Amino acid sequence: MVRHGLMMVGDSMSGKSTIIECLKEAMCKLAGMEEFNKVEVNKLNPKSIMSFQLYGLFDNDTKQWTDGVLPKIMRGLAT
């Protein structure tokens, strides 16, 4: 199964959230027909956190990777 992502950009009050919600509702109504599934929307403001918090961080001392917010969300969606 192929999973897709969507990034919506635009000016404030240009209808981004409304468009995403309409698309979600339309796709959820198609669930059960052919290969359509229900859609889940996760909103994230990448400017609200540092890049290592968003993506993750590799610790050179311990050689361990610490997931950021984005990998945690994606893993949760994949299960």
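The values are calculated or read from the model by the stated rules, or taken from the named source; none is laboratory data. Please read all numbers here as calculations on a predicted model, not as lab measurements. Cβ atoms come from the backbone with ideal geometry, glycine included; neighbour counts cover every protein chain shown.
Please pick out the residue among I19, I73 that is free of Cβ contacts under 8 Å to residues at least 24 places away in the same chain and outside any loop (DSSP other than H, G, I, E, B).
Working: I73 fails: free of Cβ contacts under 8 Å to residues at least 24 places away in the same chain.
Answer to the check: I19.
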Discussion item. Can you find, within segment 1-46, the residue that is surrounded by the fewest Cβ atoms within 10 Å (Cβ to Cβ) among those that are more than 19 Å from L77 (Cβ to Cβ) and either among the small types (G, A, S) or in the same structural domain as I73 (by TED's automatic domain parsing) (or both)?
Written reply: S12
Practice prompt. All but one of (1) touching a Ser or Thr at 6+ places or on another chain (Cβ under 9 Å); (2) of a type outside the set (A, V, I, L, M); (3) over 21 Å from L77 (Cβ atoms) hold for D61, so report the exception by its number.
Written response: (1)
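Just give me the residues in segment 27-68 being outside any helix (DSSP H, G or I), modelled with pLDDT of 85 or more and under 20 Å from the mean Cα position of the chain (by Cα), in sequence order. Working first, answer last.
Let us first name the residues in segment 27-68 that are outside any helix (DSSP H, G or I), namely 30-45, 49-50, 56-68.
Those still in the list that are modelled with pLDDT of 85 or more too: 30, 49-50, 56-68.
Answer for segment 27-68, where residues must be outside any helix (DSSP H, G or I), modelled with pLDDT of 85 or more and under 20 Å from the mean Cα position of the chain (by Cα): I49, M50, G56, L57, T66, D67, G68.
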